[in-house]
Amino acid sequence: MEPVMSKAITRRTFMNGAATAAAAAALAPQLGCARFLRSKPAAAVETREVATACEVCPNKCAVMAVVEGGRIRKLNPNPASPKSRGMLCARGNAAVKAVYDPDRVKQPLIRAGARGEGKWRTATWDEAWDFAAKHLTEIKEKHGPEAVIWSSTEGFQEEFFKNLGLAYGSPNILRHPTLCLASVNLAYSMTFGTVPSFDLLNADYVIMSGANRFESIITPDTMDLIDSTMNRKARLVYLDPRFTVTASKADEWYPIRPGTDMAFILAMLNVIIGEERYDKEFVASACHGFEELRAHVQRFTPEWAAGETEIPAANIRRIAHEFADAAPRALYYAGRRSSWYSNDFQMRRAQAILNAIVGNWDREGGVVPNSKIALGEYLYLPWDEPTAARIDEMEERFPLAAKGDGVFLQARENVLAGKPYPVKGWMVYKQDPMSALPDRGRTQKMLEQMDFVAVIDTQMSDTAWFADVVFPESTYLERTDPLHMLPGIWPVVAIRQQVVPPIHDTKPNLEIVQGLAKRLELSDYFDYTIEQWLEEQAKELPIPNALEHLKRTGVYTAPGAPFYGSTRKPDHRFLTRSGKIELFSERLAEAGHDPLPAYTPPVQPPPGAFRLILGRKATHTHANSTNNVWLAEFAPSNDLWLNPLAADRLGVASGDLVEVRSDVGVVRLKARVTEEIRPDCVFMLHGFGKKSRTMRLAYDNGACDADVLVTAMDAVSGNAAFHETFVRVAKVGEAAGA
Amino acid sequence: MRRMTVLGAAVTALTLTVGVAMAAGASENKGKFYFKKTCKTCHTKGAAGGEVTPLTKTQEQWTRYFTKGVHKKGAEKLTDVVPAEQLPEIQLFLVNHAADSPQPETCG
């Protein structure tokens with residue numbers, strides 16, 4: 001069979017060639033946004049609307065897809081969902097292009113050249129399944145089932161993939177949270193026994209540590225915050241080394257010294273407790289360990305914190321007063337941002353404790369436990385529990401971290417060290433570790449030392465580029481997924497149903513898993529259809545014909561207005577060891593960690609170096625969407641933000657090509673000289689600099705942060721710490737026209 | 001149909017070999033399956049037995065409950081309503097996800 005995609009296309013040749021007839025023909029289906037919307041459908045075609053749920057980011061907004069003549073014409077918001085209301089963001093709209101992207105993986109592919117060389121041959125599904133099953137069986141026979149890692153990111157069909165890994169016998173299920181919000185989830189769970197929501201719609205006073213909500217992800221709760229700050233004049237205090245869009249809309253912005261947010265929070269605790277401004281009744285009835293906390297924060301005065309954070313002591317004291325006065329409609333907002341420093345868990349614990357003592361728990365405008373809607377469950381046959389220990393040694397190193405998620409960076413380091421046992425296979429679903437993990441060189445080494453790598457994805461990600469076999473999954477608009485309950489202040493059940501049949505030779509993940517399970521003699525554990533699964537789930541919903549209702553309207557929501565206060569009743573037991581909100585945690589102490597948030601000053605960059613900080617744009621989802629032609633119109637590439645003081649010292653002007661070098665790698669990208677960042681930091685957007693030549697818009701476009709990020713982890717949760725990298729910057733080229 | 005047949009055969013097989021399974025360590029995964037298959041028949045919201053989830057008790061309370069082995073106050077034994085072989089697996093699941101456990105779970 002003729003190898004496909006074997007011809008290397010560099011970014012330069014692609015960009016140059018885009019003007020040529022050949023490249024124009026290759027990209028003909030890649031219409032820009034304006035051109036697509038101007039295009040007219042053929043007259044008198046059948047038009048229908050299908051309710052479904054977006055998959056482009058984790059928010060799962062409800063969508064009404066408009067189909068004309070069998071082709072998706074447009075995606076509209078579905079106002080029936082309280083989760084998304086009448087909103088669908090740029091990314092959600094651009095999902096149409098993911099279906100009709102000419103760069104998609106259109107049929108199963110088996111590697112035909114060296115790993116990463118980009119030579120592939122097309123295969124039938126049977127061939128691809130047989131190929132994978134043969135390798136998985138060989139590894140199991142030679143090294144045991146624990147020698148295969150099964151890694152994935154969140155999604156409605158993720159469960160099927162995880163279950164295949166477990167049924168195969170591997171304990172090494174690796175999910176995405178330790179590359180995301182594991183530190184937040186663990187800190188709030190260990191304090192409140194659950195991960196709550198933040199009632200931005202009704203808050204009067206909001207403090208954010210770098211969660212750049214007006215710019216990095218635009219969802220309805222972003223709009224709630226905008227509404228709160230712009231219309232209701234709620235106060236927003238924002239801490240970030242960078243002047244972001246959120247900073248521009250805040251009442252107060254502090255370019256805090258990186259890694260010192262916990263000092264700011266501890267000083268707020270010092271003021272609020274020292275001046276008796278906390279909610280005494282709530283603390284006495286619902287909190288555990290207040291006296292230990294009181295003693296702990298006595299030394300963290302605003303004057304001390306001013307030296308750490310560079311925020312004036314008088315401002316810290318005033319903010320503490322205002323926060324306590326505004327409570328319970330005051331909250332210290334936790335999400336959405338990943339872990340930045342190796343003390344992130346303890347910083348989040350300090351946030352949670354501050355929220356707790358002002359009594360904003362389960363109050364309108366405060367921190368609210370999520371409501372849920374019970375779904376039924378398809379009862380599948382249970383398999384034997386994997387017997388081997390996990391490769392990431394969670395039990396010893398991170399005993400409090402979520403057992404089902406694993407610790408990704410620790411797993412990679414142990415695989416590379418070959419301890420405690422060899423890992424020779426890597427199954428990947430809907431995830432791109434090559435872009436998501438710090439230090440891409442080591443992730444590539446991990447891939448290269450595998451005997452077998454398989455990827456299930458809709459596109460040829462950088463990880464797929466280094467795989468042996470790629471199983472093309474149908475995009476979310478081409479498949480039906482399990483129902484999904486989205487907990488929250490307004491919980492909702494969402495359905496994702498097929499809008500159009502697959503336009504290429506692709507399959508939903510469940511069918512891919514079932515094809516593999518059959519060849520691994522594990523079919524009995526996967527003996528159901530997606531429809532049977534949905535029927536079991538819908539049975540528990542308290543309305544007649546629930547599944548039909550969902551298919552027609554797209555969502556089910558509990559009737560009535562949001563309810564606050566159910567967990568403030570005197571007999572309520574919090575899901576913690578003490579049954580109360582744990583300001584002091586014995587469980588942390590037993591695991592060898594500080595039972596109260598302890599502060600260690602962050603290591604500062606050496607002279608002449610900068611701290612590299614990262615961020616997101618609302619027009620891209622992590623590293624998954626930079627090949628989407630519509631979204632590329634909004635954010636075509638990334639550059640390096642550099643303060644003018646540093647730029648002058650280095651002789652760098654905006655548009656110059658600079659080299660960014662860390663202890664683990666080097667990248668080149670254009671400079672943006674701006675006062676919107678501290679002089680001791682540089683910044684780049686995540687998600688660019690792809691290695692996969694198949695992703696023609698994203699390949700070699702800008703720089704990949706993972707090339708220079710060093711491996712650092714939060715000590716308690718194992719979350720990757722993304723702002724612990726120091727870099728040096730040097731000019732290597734003039735700006736065009738300089 | 002095929003699913004139910006396989007399920008039945010598997011449950012029987014597991015019941016017969018559970019002693020060995022326990023010797024090698026009880027399975028939380030199977031405990032969850034048995035809990036749903038056996039206990040949730042009566043212990044759902046609105047049903048005769050009232051809703052029971054792992055969160056209904058603390059780890060210590062669940063341990064005490066299984067040690068005592070009584071299903072209802074002063075009445076039938078647990079083994080009268082749940083096959084004895086399933087009990088260690090169910091106990092493991094409930095204790096590991098109890099209200100005060102590190103990983104509390106609602107489970108239906």
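Structure notes:
- Matching residues, region A:302-328, being of a type outside the set (A, V, I, L, M, F, W, C) and within 19 Å of A:SER209 (Cα to Cα): A:PRO302, A:GLY307, A:GLU308, A:THR309, A:GLU310, A:PRO312, A:ASN315, A:ARG317, A:ARG318, A:HIS321, A:GLU322
- Taking each residue of region A:463-488 that is in contact (Cβ under 8 Å) with a residue 24 or more places away in the chain and looking for partners that are of a type in the set (Phe, Trp, Tyr) and assigned to a loop (DSSP other than H, G, I, E, B) with beta-carbon atoms closer than 7 Å, six or more apart or interchain, yields A:ASP481/A:PHE156; A:PRO482/A:PHE156; A:HIS484/A:PHE156.
- In region A:568-583, the condition of being farther than 24 Å from A:LEU354 by Cβ and outside any helix (DSSP H, G or I) is met by at least one residue.
- Residue that is nearest to the chain's Cα centre (by Cα) [pool: residues in region A:700-710 that are more than 11 Å from A:ARG440 (Cβ to Cβ) and surrounded by fewer than 24 Cβ atoms within 10 Å (Cβ to Cβ)]: A:VAL710
- Considered as a group, the residues in region A:185-201 that are open to solvent by 30 Å² or more (accessible area, probe 1.4 Å) and assigned to a helix (DSSP H, G or I) include one that is nearest to A:TYR333 (Cα to Cα), and that residue is A:ASN185.
- Selection count where residues are part of a strand (DSSP E or B), surrounded by fewer than 23 Cβ atoms within 10 Å (Cβ to Cβ) and within 29 Å of the chain's Cα centre (by Cα), scope region A:46-64: 3
- Scanning region A:334-352 turns up one or more residues that are away from every other protein chain (no Cβ under 14 Å), touching a Lys or Arg at 6+ places or on another chain (Cβ under 8 Å) and surrounded by fewer than 24 Cβ atoms within 10 Å (Cβ to Cβ).
- Selection of region B:53-70 for residues being away from every other protein chain (no Cβ under 14 Å) and open to solvent by 50 Å² or more (accessible area, probe 1.4 Å) yields B:THR63, B:ARG64, B:TYR65, B:THR67, B:LYS68.
- A:THR626 open to solvent by less than 20 Å² (accessible area, probe 1.4 Å), over 30 Å from A:ALA295 (Cβ atoms), β-branched (Val, Ile, Thr) and away from chain B (no Cβ under 14 Å): yes
- Those helices (runs of 4 or more DSSP H) of region A:372-450 in which 3 or more residues are surrounded by fewer than 19 Cβ atoms within 10 Å (Cβ to Cβ) and among the hydrophobic types (A, V, I, L, M, F, W, C) are absent.
- Residue match in region A:467-477 (condition: charged (D, E, K, R) and either farther than 21 Å from A:LEU179 by Cβ or surrounded by fewer than 22 Cβ atoms within 10 Å (Cβ to Cβ) (or both)): yes
- Whenever a residue of region B:27-47 is within 9 Å of another protein chain (Cβ to nearest Cβ) and among the hydroxyl-bearing types (Ser, Thr, Tyr), its partners that are open to solvent by less than 50 Å² (accessible area, probe 1.4 Å) and outside any loop (DSSP other than H, G, I, E, B), lying with C-beta atoms within less than 7 angstrom and at least six residues away or across chains, give the pairs B:SER27/B:ALA21; B:SER27/B:GLU89; B:TYR34/B:GLN86; B:TYR34/B:GLU89; B:TYR34/B:ILE90.
- A:TYR528 being among the aromatic types (Phe, Trp, Tyr) and within 14 Å of chain B (Cβ to nearest Cβ): yes
- Scanning region A:602-623 for residues that are open to solvent by 40 Å² or more (accessible area, probe 1.4 Å) and farther than 28 Å from A:ILE217 by Cβ yields A:VAL603, A:GLN604, A:PRO606, A:PRO607.
- Test: residue in region A:299-320 that is among the aromatic types (Phe, Trp, Tyr), under 21 Å from A:LEU596 (Cα atoms) and over 26 Å from the mean Cα position of the chain (by Cα): yes
- Among the residues making up region A:202-241, those that are of a type in the set (Lys, Arg) and either outside any strand (DSSP E or B) or buried (at least 23 other Cβ atoms within 10 Å of the Cβ) (or both) are A:ARG213, A:ARG232, A:LYS233.
- Some residue of region A:77-90 being at pLDDT 90 or above, part of a strand (DSSP E or B) and closer than 30 Å to A:GLY560 by Cα: yes
- When residues of region A:576-599 are limited to those that are out of contact with any helix residue (DSSP H, G or I) (no Cβ under 9 Å at 6 or more places or on another chain) and not aliphatic (A, V, I, L, M), the one farthest from the other protein chains (Cβ to nearest Cβ): A:GLY592
- Only a single criterion out of (1) open to solvent by 40 Å² or more (accessible area, probe 1.4 Å); (2) within 14 Å of chain B (Cβ to nearest Cβ); (3) touching a residue at least 24 places away in the same chain (Cβ under 8 Å) is not satisfied by A:ARG573, namely (3).
The values are calculated or read from the model by the stated rules, or taken from the named source; none is laboratory data. None of the values given here were measured: they were computed from a predicted structure. In this analysis, Cβ positions are derived from the backbone assuming ideal geometry, glycine residues included, and neighbour counts consider all displayed protein chains. Heads up: the accessible areas ignore ligands, DNA and RNA and are worked out on the full protein's heavy atoms, side chains in. Shrake-Rupley method; radii C 1.70, N 1.55, O 1.52, S 1.80 Å.
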